[in-house]
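Comments concern the structure below.
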Amino acid sequence: MPVPPPECSIGSIQLPEFPNDPPDVSDVCKATMFAAEVRAARRRKEQDDTPTDADVCSATVYQARVLSAYSAAQGAPILGDELAAVILGRLDDMEARMGEIDANLGGRMDAMNANLNANLGGRIDAMNANLAAMNTNLGGRLEALQQMVGNVRILATKSYNLTCGSGLASRFAIMPLPNGQEPPADLPRIENVQDIRNLERYQLIRYINAYGLELRRDEQDKRRAISAHIGCSVDL
């Protein structure tokens with residue numbers, strides 16, 4: 001008479017088919033894998049339909065019966081209850097050990113991932129800091145370069161204007177501000193000595209401030225300061 005599988009439903013695990021009569025090696029393997037799957041699902045307890053202790057007992061008894069029937073068919077002594085319990089206990093120990101190994105490997109993998117993320121995050125932060133420092137240095141060098149170009153432009157403009165005399169025959173080049181921009185559009189353009197002479201008091205002050213010159217009290221001194229700055233070589 002074939003060994004009947006457990007009659008109860010064991011969670012979501014599929015029950016084995018009826019083994020052959022007598023059971024063969026394939027039946028023993030299927031019964032062993034079925035019992036192992038039930039025990040493993042019981043240990044995990046991950047789902048609502050987790051096998052109960054009674055399910056584990058039914059699966060283990062079924063495994064022992066198939067193994068005993070196979071042993072009898074092969075002419076070997078039928079496994080007694082005590083010997084079957086020892087063998088199944090060893091299987092349980094092996095499966096529990098495998099579960100511990102899986103847990104340890106999972107913990108090590110989690111630790112490795114955490115260390116990797118921490119190291120990678122630290123390196124990314126360091127790279128971002130280096131990039132920020134490079135941007136700062138580059139910005140500072142760019143400002144210095146722009147200032148240098150502005151100074152060269154001022155010197156070149158002044159040198160040219162010194163060759164123009166009064167600027168009446170050959171107009172002065174417009175002297176740029178220290179930031180490289182042109183003077184405010186609402187101020188009169190200074191293209192010759194007469195333009196300097198015609199500047200009113202408030203215009204003189206604005207030109208003095210725009211060019212960053214020292215403020216003088218006397219209006220004529222203001223004109224002389226502007227004249228000297230732009231490169232006018234004649235007296236006012």
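Round to a whole angstrom and tell me the spacing of the C-alpha centers of segment 1-35 and segment 114-149.
Centre-to-centre distance over Cα atoms comes out at 67 Å.
Tell me the angle of helix 219-230 to the major Cα principal axis of the chain, expressed in degrees between 0 and 90 and rounded to the nearest ten.
Helix 219-230 sits roughly 60 degrees off the main axis of the chain.
If you split all Cα-Cα distances of segment 138-231 into 10 Å bins from zero, what percentages do you get per bin, shortest first?
Values per bin, smallest distances first: 16, 47, 28, 8, 1.
Please report the net charge: other residues with Cβ closer than 13 Å to the Cβ of Cys232, K and R +1, D and E -1. Don't skip to the end; give the middle numbers.
Numbers: positive: Lys158, Arg171, Arg197, Arg223, Arg224; negative: Glu191, Asp195, Asp235.
Residues near Cys232 contribute +2 overall.
Counting heavy atoms of the protein chains only and a 1.4 Å probe, report the per residue accessible area for segment 180-236 as a whole number of Å². All intermediate terms of the calculation are to be shown ahead of the outcome.
Working: 3300 Å² over 57 residues.
For segment 180-236, the per-residue accessible area is 58 Å².
Give me the distance in nm between label points sitting 7 Å out from Cα along the Cα-to-Cβ direction at Asn209 and Arg141, one decimal.
Between Asn209 and Arg141, the label points sit 3.7 nm apart.
Report the one residue of Ser26, Leu67, Met127 whose Cα lies farthest in the direction of the positive end of the charge dipole of the chain (charges on C-beta: Lys and Arg +1, Asp and Glu -1; origin at the Cα centre).
Positive-end residue among those listed: Met127.
Show that you can apply the helix-only estimate: for the chain, add -39,500 (n - 2.57) for every DSSP H stretch of four or more residues, divide by all residues, and state [θ] at 222 nm to the nearest 500. Walk me through the intermediate numbers first.
Values: 6 runs with 151 residues, N = 236.
It comes out at -22500 deg cm²/dmol, rounded to the nearest 500.
Over the chain, how many percent of alpha carbon pairs lie in each 10 Å bin up to the one with the longest distance?
With a bin width of 10 Å, the distribution comes to 7, 18, 13, 7, 5, 5, 5, 5, 6, 8, 10, 8, 3, 0.
So how strong a dipole does the chain carry about its Cα centre when Lys and Arg Cβ are +1 and Asp and Glu Cβ are -1, to the nearest 20 debye?
Numbers: 24 positive and 31 negative charges, 543 e Å.
Charge dipole, the chain, about its Cα centre: 2600 debye, nearest 20.
Percent of accessible area on the chain owned by carbon and sulfur, 1.4 Å probe? Show your work: numbers first, answer last.
Numbers: 8630 of 15650 Å².
Roughly 55 percent of what the probe reaches on the chain is carbon or sulfur.
Nearest 0.05, what FRET efficiency do Asp110 and Asp53 give at R0 = 30 Å with Cβ-Cβ as r? Write out the running numbers ahead of the final one.
Working: r = 30 Å, r/R0 = 1.01.
My answer for the efficiency is 0.50.
At what distance in nm do the modelled label points of Glu219 and Arg189 sit from each other, each positioned 7 Å from its Cα along Cα→Cβ?
According to this spin-label approximation, the distance is 2.5 nm.
The values are calculated or read from the model by the stated rules, or taken from the named source; none is laboratory data. Only a predicted model underlies this, so the values are computations on that prediction, with no experimental measurement involved. Neighbour counts are summed over all protein chains in view; Cβ atoms, including those assigned to glycine, are modelled from backbone coordinates with ideal geometry. Please note that ligands, DNA and RNA were not included when accessible areas were found on the heavy atoms of the full protein model with its side chains. Shrake-Rupley method; radii C 1.70, N 1.55, O 1.52, S 1.80 Å.
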